[in-house]
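Peer 1: Next up is a structure, given as structure tokens.
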Amino acid sequence: MSKTNPAMPKPATADRPAGPGPDDRPYSPGLEGVIAAETSLGYVDGAAGRLLYRGYRIGDLVEHGRYPAIAELLWTGEWHPDARLATAPVPPAVIAALRALPRTAKPMDALRTAVSVWGASQVLDFPPTVEQARALTAFSPSALAAFTRIREGLEPIDPDPGLDLVPGFLYQLTGELPDPGTARALDAYFIVGAEHGLNASTFTARVIVSTRSDVASAVAGAIGAMKGPLHGGAPSEVVEQIHQVGSPERAEQWVNDALDRKERLMGFGHRVYRAYDPRAAALRKVAESMEHPPDWLALAIRVEDVALRVLAERYPDRPLKTNVEYYAAAVLMGVGLTPDLFPATFALARHAGWTAHVLEQVTANKLIRPDARYIGPAERDLPA
């Protein structure tokens with residue numbers, strides 16, 4: 001027996017014109033404010049400026065942990081500070097696909113392609129497992145490094161199993177062992193980027209796996225969502241902004257002129273945080289302690305000081321504080337990455353969170369399938 005869907009238009013009768021019936025259910029554009037999942041992974045407290053991974057403060061995790069330990073914490077709920085995860089080899093089918101891409105392809109497109117081809121070459125039974133999450137998280141840095149070298153006319157470098165994931169990624173990019181300070185800085189970035197609630201890409205991953213699809217499909221879809229500039233592209237824009245300021249003495253004038261032109265200051269304000277982003281605080285500390293910080297770090301700090309003061313003066317009722325992208329730019333530049341690699345490196349960091357949400361989704365899975373309110377024409381005949 002079929003069930004009647006109350007959201008569907010009802011048949012026309014003599015006393016009821018053809019068309020949809022009234023639908024008074026609440027509508028939230030962008031699903032803002034809608035509770036679409038319950039999670040034990042990450043807690044984002046925007047009002048107080050807190051971020052917790054399974055109850056642990058992000059600043060403590062950056063100070064005392066490394067990315068493999070944070071990934072294991074998200075996947076299993078257990079804290080193993082000595083956990084290790086090396087980068088994994090790239091299958092021949094993926095290398096062939098990366099070589100077939102034009103050298104002008106964006107790194108995010110190459111990473112999405114690599115994950116898709118990797119998934120096609122694996123046996124990924126449902127439900128996804130922690131072992132699958134580990135394998136995919138270990139593979140993707142090698143794939144991004146391989147594409148980066150291929151587009152430069154260089155050969156990919158095999159993983160060094162003696163290196164942890166982040167220094168291993170840097171080694172596969174350059175062919176040189178990174179110094180400990182550089183590896184530590186990028187590892188801190190990976191930690192703060194690992195998880196952040198039900199953001200657009202994480203929601204995408206959960207939607208995909210809710211259909212009983214596989215973890216590679218979920219992560220490929222998440223990469224596609226993160227590719228959009230409203231989600232994953234801001235750090236590279238921060239770099240451009242700092243270059244436009246040019247020198248510390250120009251900061252005051254530049255900030256005021258930009259706001260007079262109604263331009264957005266990149267790296268300030270957040271949809272969730274109404275206080276200083278705790279990830280930005282952790283990364284500023286890391287950036288300031290780097291052995292080889294970018295030359296313009298002092299300028300970035302001066303611009304931040306001016307921007308926070310001017311924004312508070314101009315918009316006293318709108319708390320616009322520093323967000324993670326601001327100091328992410330400093331760290332990523334400081335470790336030698338080019339701005340076009342910033343979004344894809346963010347995606348590598350978020351693999352731990354995406355796959356952890358996939359694992360969580362399937363523990364009590366229900367197909368994610370919201371309704372839509374019909375606002376189109378009433379039922380009608382085709383024109384003669």
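Peer 1: Taking into account only those residues within the stretch 353-366 that are part of a loop (DSSP other than H, G, I, E, B) and not basic (Lys, Arg), which is most open to solvent (accessible area, probe 1.4 Å)?
Peer 2: Top of the filtered list is Ala364.
Peer 1: Sticking with this one: So, Ser236, is that one in contact (Cβ under 8 Å) with a residue 60 or more places away in the chain, over 19 Å from Ala36 (Cα atoms), touching a helix residue (DSSP H, G or I) at 6+ places or on another chain (Cβ under 6 Å) and part of a helix (DSSP H, G or I) or not? Write out each step before concluding.
Peer 2: Details: in contact (Cβ under 8 Å) with a residue 60 or more places away in the chain: yes; over 19 Å from Ala36 (Cα atoms): yes; touching a helix residue (DSSP H, G or I) at 6+ places or on another chain (Cβ under 6 Å): yes; part of a helix (DSSP H, G or I): yes.
So Ser236 fits the description; yes.
Peer 1: Turning to a different aspect of this structure: Could you look through the stretch 199-212, keep only residues that are modelled with pLDDT of 95 or more and not in a helix (DSSP H, G or I), and pick out the one that is least open to solvent (accessible area, probe 1.4 Å)?
Peer 2: Thr211
Peer 1: What do you reckon, is Ala133 under 23 Å from the mean Cα position of the chain (by Cα) and either touching a residue at least 12 places away in the same chain (Cβ under 8 Å) or more than 20 Å from Trp75 (Cα to Cα) (or both)?
Peer 2: In short, yes.
Peer 1: A follow-up question, please. In the stretch 256-284, which residues are assigned to a helix (DSSP H, G or I), within 30 Å of Gly197 (Cβ to Cβ) and either touching a residue at least 60 places away in the same chain (Cβ under 8 Å) or of a type in the set (S, T, N, Q) (or both)?
Peer 2: Listed by number, the residues that qualify are Pro278, Arg279, Ala281, Ala282, Leu283.
Peer 1: How many of the residues making up the stretch 17-76 are more than 30 Å from Ala378 (Cα to Cα), open to solvent by 70 Å² or more (accessible area, probe 1.4 Å) and among the β-branched types (Val, Ile, Thr)?
Peer 2: Of the residues in that region, 1 qualify.
Peer 1: Looking at the stretch 245-255, can you tell me whether even one residue there is outside any loop (DSSP other than H, G, I, E, B) and among the small types (Gly, Ala, Ser)?
Peer 2: Yes, because at least one residue in the stretch 245-255 is outside any loop (DSSP other than H, G, I, E, B) and among the small types (Gly, Ala, Ser).
Peer 1: If the requirement is being within 18 Å of the chain's Cα centre (by Cα) and among the β-branched types (Val, Ile, Thr), which of these qualifies: Thr204, Thr182, Thr174? Talk me through it step by step, then tell me what you get.
Peer 2: Working: Thr182 fails: within 18 Å of the chain's Cα centre (by Cα); Thr174 fails: within 18 Å of the chain's Cα centre (by Cα).
Exactly one of Thr204, Thr182, Thr174 is within 18 Å of the chain's Cα centre (by Cα) and among the β-branched types (Val, Ile, Thr), namely Thr204.
Peer 1: Now for a different question. Of all residues being under 23 Å from the mean Cα position of the chain (by Cα) and of a type in the set (D, E, K, R) in the stretch 326-368, which is nearest to Trp75 (Cα to Cα)? Just the residue, please.
Peer 2: Glu360
Peer 1: Please determine whether any residue of the stretch 87-99 is closer than 30 Å to Tyr273 by Cα and modelled with pLDDT of 95 or more.
Peer 2: Within the stretch 87-99, not a single residue is closer than 30 Å to Tyr273 by Cα and modelled with pLDDT of 95 or more.
Peer 1: Moving to a separate point now. Would you mind stating whether Leu337 is within 30 Å of Tyr43 (Cβ to Cβ) and assigned to a helix (DSSP H, G or I)? Please lay out each step first, then the result.
Peer 2: Values: within 30 Å of Tyr43 (Cβ to Cβ): yes; assigned to a helix (DSSP H, G or I): no.
Answer is no for this residue.
Peer 1: Quick check on Tyr43: is it under 22 Å from the mean Cα position of the chain (by Cα) and touching a residue at least 24 places away in the same chain (Cβ under 8 Å)?
Peer 2: Yes.
Peer 1: Exactly one of these conditions fails for Ile375: (1) exposed (fewer than 15 other Cβ atoms within 10 Å of the Cβ); (2) in contact with a strand residue (DSSP E or B) (Cβ under 9 Å, 6 or more places away or on another chain); (3) β-branched (Val, Ile, Thr). Give me its number.
Peer 2: Status for Ile375: all satisfied but (2).
Peer 1: Identify, from the list Arg318, Arg369, Arg380, Arg350, the residue that is of a type in the set (Lys, Arg), open to solvent by less than 30 Å² (accessible area, probe 1.4 Å) and either part of a loop (DSSP other than H, G, I, E, B) or touching a helix residue (DSSP H, G or I) at 6+ places or on another chain (Cβ under 9 Å) (or both).
Peer 2: Residue meeting the stated conditions: Arg350.
Peer 1: Looking only at the stretch 290-315, filter to residues that are part of a loop (DSSP other than H, G, I, E, B) and open to solvent by less than 90 Å² (accessible area, probe 1.4 Å); which one of those is nearest to His270 (Cα to Cα)?
Peer 2: Tyr315
Peer 1: Of the residues in the stretch 113-157, how many are of a type in the set (Val, Ile, Thr) and crowded, with 24+ Cβ neighbours inside 10 Å?
Peer 2: Applying the first criterion (of a type in the set (Val, Ile, Thr)) to the stretch 113-157 yields 113, 115, 117, 123, 129-130, 137, 148, 150, 157.
If we keep only those that are crowded, with 24+ Cβ neighbours inside 10 Å as well, we get 115, 137.
Final tally of qualifying residues: 2.
Peer 1: Let me ask another. Looking at Ser289, Ser217, Ser236, Ser247, can you tell me which residue is within 17 Å of Ala185 (Cβ to Cβ) and of a type in the set (S, T, N, Q)?
Peer 2: The conditions single out Ser289.
Peer 1: A further question on this structure: For the stretch 75-121: of the residues being polar (S, T, N, Q) and farther than 19 Å from Asp158 by Cβ, which is farthest from the chain's Cα centre (by Cα)? Show your work before the answer.
Peer 2: The initial filter retains those residues of the stretch 75-121 that are polar (S, T, N, Q), namely 76, 87, 104, 113, 116, 121.
Then keep just the ones that are farther than 19 Å from Asp158 by Cβ; that gives 76, 104, 113, 116.
Values: Thr76: 21, Thr104: 22, Thr113: 17, Ser116: 18 Å.
Applying the filter and picking the extreme gives Thr104.
Peer 1: Between Pro156, Pro178, Pro167, which is farther than 26 Å from Glu360 by Cα and part of a helix (DSSP H, G or I)?
Peer 2: None of the others qualify; the one that does is Pro167.
Peer 1: If you take the residues in the stretch 240-285 that are of a type in the set (A, V, I, L, M, F, W, C) and open to solvent by 20 Å² or more (accessible area, probe 1.4 Å), which one is farthest from the chain's Cα centre (by Cα)?
Peer 2: Trp254
Peer 1: Moving to a separate point now. Could you check Thr39 against (1) touching a helix residue (DSSP H, G or I) at 6+ places or on another chain (Cβ under 9 Å); (2) modelled with pLDDT under 80 and say which number it fails?
Peer 2: Against the list (1) touching a helix residue (DSSP H, G or I) at 6+ places or on another chain (Cβ under 9 Å); (2) modelled with pLDDT under 80, Thr39 comes up short only on (2).
The values are calculated or read from the model by the stated rules, or taken from the named source; none is laboratory data. All values derive from a computational prediction rather than experimental measurement. Reconstructed Cβ throughout: ideal geometry from the backbone, glycine too, with neighbour counts over all protein chains shown. Accessible surface is based on the protein model in full, side chains and every heavy atom, while ligands, DNA and RNA are left aside. Shrake-Rupley method; radii C 1.70, N 1.55, O 1.52, S 1.80 Å.
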